[in-house]
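A short reminder: the numbers here are calculations on the coordinates, not readings from a lab. Owing to the predicted nature of the structure, the values given are computational and were not obtained by experimental measurement. A quick note on method: Cβ atoms are made from the backbone with ideal geometry, for glycine too, and the neighbour counts reach across all protein chains shown.
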Amino acid sequence: MSRGALIVFEGCDKSGKTTQCNKLVKSLTDYGAPTELMKFPDRTTAIGKLIDEYLSNKTEVEDHAIHLLFSANRWESVKRMQKLLDSGTTLIIDRYAFSGVAFTAAKQGFDIDWCKQPDVGLPRPDAVFYLNLGMEAASKRQSYGEERYEKLEFQTKVAKNFQLLADPSYWKTIDADKTVDDLHKELYNLTKTVIEEVKNQPIKT
Ligand code: DGP
């Protein structure tokens with residue numbers, strides 16, 4: 001049986017990832033491709049609840065410790081992800097380990113290689129769609145600035161870190177400064193191609 005594709009969306013805050021992930025899941029499902037949406041951090045688990053309190057500034061957690069918790073929050077979903085992929089379901093994931101590295105490494109005193117270690121061994125995405133939107137445009141979007149990391153200076157560092165992580169073999173930078181529907185069409189076509197390309201390949205780590 002052919003497997004599903006693992007598609008990851010990355011980008012700075014308010015780049016449109018969540019809107020595009022939701023639309024993509026709906027279109028693929030309507031088309032008849034089994035598809036599930038996942039999102040990291042997954043704020044519904046015990047670890048995710050702690051992360052949610054941290055992000056909404058209700059609690060403080062030491063920077064290394066929160067980095068490991070974000071990673072643990074991904075690891076706790078791995079078995080489910082593998083099962084779904086094996087059964088032919090395509091996963092559309094709103095943020096993954098690249099956010100983990102890009103955000104923590106934007107803090108003072110963090111080495112990018114140290115940041116990568118806790119996520120080593122997670123299933124490797126078949127494609128990363130990096131939604132690229134200028135900081136000015138992102139900061140004008142609704143509710144920008146409510147959560148811990150939504151500050152221009154910090155997001156600029158995050159964007160630079162994402163560029164260091166961009167592996168051209170599976171990473172595609174997409175200009176996100178266009179209408180929701182135009183962006184959706186582009187992503188839908190790209191995703192269908194990836195699903196076809198990887199369906200008989202093993203899942204990499
Ligand atoms: P979201 O729910 O997609 O808005 O993500 C919440 C915030 O957490 C966002 O500012 C990005 C950040 N984030 C996501 N994953 C990680 C991670 O693994 N580590 C750190 N430090 N931040 C992350």
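Each helix, a run of at least 4 DSSP H residues, gives -39500 (n - 2.57); summed and divided by the residues of the chain, these come to -14500 deg cm²/dmol at 222 nm. Each of ASN73, THR90, MET135 was placed along the dipole of the chain (beta-carbon charges, centred on the mean Cα), and the one lying farthest toward the positive end is THR90.
Here segment 1-36 is scanned for amide nitrogen atoms under 12 Å from the site 7 Å beyond the Cα of ASN200 along Cα-to-Cβ, giving 1-3.
Taking 0.36 nm per residue of separation and subtracting the current Cα-Cα distance, fully stretching the chain between LYS140 and TYR31 would add 35.9 nm.
Among the lysines of segment 33-112, pairs at least eight places apart or on separate chains and with Cα atoms under 30 Å apart come to 10. Between LYS83 and GLU53, the FRET efficiency from the beta-carbon distance, with R0 = 25 Å, is close to 0.25. What you get for the chain, charging only the Cβ of Lys and Arg (+1) and of Asp and Glu (-1), is a dipole of about 380 debye around the Cα centre. So which of LYS23/LYS157; LYS157/LYS199; LYS17/LYS157; LYS140/LYS172 end up more than 27 Å apart, counting from Cα to Cα? In this structure, LYS23/LYS157; LYS157/LYS199 lie more than 27 Å apart at Cα.
Site pair ASP182 and VAL61 shows an inter-label distance of 3.9 nm when each label is modelled 7 Å from Cα along Cα→Cβ. Relative to the dominant Cα principal axis of the chain, helix 46-55 is inclined by about 50°.
Seen against the Cα atoms of the chain and their longest principal axis, helix 63-75 is set at about 20 degrees. Look at where the Cα atoms of segment 173-195 and of segment 32-84 average out, and the two centres are 25 Å apart.
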